[in-house]
1. Which condition number in (1) more than 17 Å from the chain's Cα centre (by Cα); (2) open to solvent by 50 Å² or more (accessible area, probe 1.4 Å); (3) in contact (Cβ under 8 Å) with a residue 40 or more places away in the chain is the one that MET182 fails?
2. Tell me which residues, restricted to the range 152-170, are at pLDDT below 95 and of a type in the set (A, V, I, L, M).
3. With respect to PRO169, determine if the residue is within 29 Å of GLU20 (Cβ to Cβ) and out of contact with any Cys (no Cβ under 7 Å at 6 or more places or on another chain).
4. Within the range 3-110, considering only helices (runs of 4 or more DSSP H) that don't extend past its boundaries, which have at least 1 residues that are open to solvent by 30 Å² or more (accessible area, probe 1.4 Å) and of a type in the set (D, E, K, R)?
5. Can you tell me which residue is most open to solvent (accessible area, probe 1.4 Å) among those in the range 111-120 that are touching a residue at least 12 places away in the same chain (Cβ under 8 Å) and in contact with a strand residue (DSSP E or B) (Cβ under 8 Å, 6 or more places away or on another chain)?
6. Just to be sure before I move on: is ASP149 loosely packed, with under 15 Cβ neighbours inside 10 Å, touching a helix residue (DSSP H, G or I) at 6+ places or on another chain (Cβ under 9 Å) and modelled with pLDDT under 95 in the structure I sent?
Amino acid sequence: EIANMNDSGKQEQVNKLLMENASALYTCLAADGTLESMDIKCKVEALDRNRATVVYTGSYKLKDDPYPVSVFFTNTVDLQQVKSLGINDYSDAYTMAGYLMSDDVQFYQVNDSLKSSLLEYRATQTVEDFTDLLNQADFPLKSSDGTADFPESFSYLNQSTLYFSIPVPHALGDYAIVSFPMDGK
């Protein structure tokens, strides 16, 4: 929860939004009764007068799945406008997809072996695939048929670096995080 905002009404709205987004994965997975377990940790990555950025990591297991799925999602809330921010608030999906497909791409906190495997996986994708993925990234939840679809990609900005996730096969960790230095952009 956010505390000590000058506007208590806005503070209440911000906290409601943070709670809705923090529990969104559980809400989506528990709806059909197949969720067996979930363990998610929360870390406040950045907080100032204008924005709160929270990163969630952990895993969940569905009843018929042989193994848990690793998850990563984020929520950046504009505290003045009381709305979630996403990758298109910092850059644009096409540019980030191009960066992801380039030789300059940087995966966050991976060893050389995993990086090599991630690059092999990346070669099976296109700029259009990643552009579509990133255009659907982040909160708020999007829906095509009236039911909420939990995004497959999330992003956040911290200390002039944009971080965003992409889904990858389970053998590669279920997700990978890409870091893009904004260099004052």
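The values are calculated or read from the model by the stated rules, or taken from the named source; none is laboratory data. Since the structure is predicted, the reported quantities are computational estimates derived from the model, not experimental observations. Note that each Cβ is placed from the backbone with ideal geometry, even for glycine, and that neighbours are counted across all protein chains shown. Note: accessible area is taken over every heavy atom of the protein model, side chains too, but ligands, DNA and RNA are not part of it. Shrake-Rupley method; radii C 1.70, N 1.55, O 1.52, S 1.80 Å.
1. (2)
2. The answer is LEU157, and nothing else.
3. The answer is no for PRO169.
4. Where helices (runs of 4 or more DSSP H) fall fully within the range 3-110 and carry at least 1 residues being open to solvent by 30 Å² or more (accessible area, probe 1.4 Å) and of a type in the set (D, E, K, R), they are 8-22.
5. Only one residue tops the list, namely LEU114.
6. Against the criterion (loosely packed, with under 15 Cβ neighbours inside 10 Å, touching a helix residue (DSSP H, G or I) at 6+ places or on another chain (Cβ under 9 Å) and modelled with pLDDT under 95), ASP149 qualifies.
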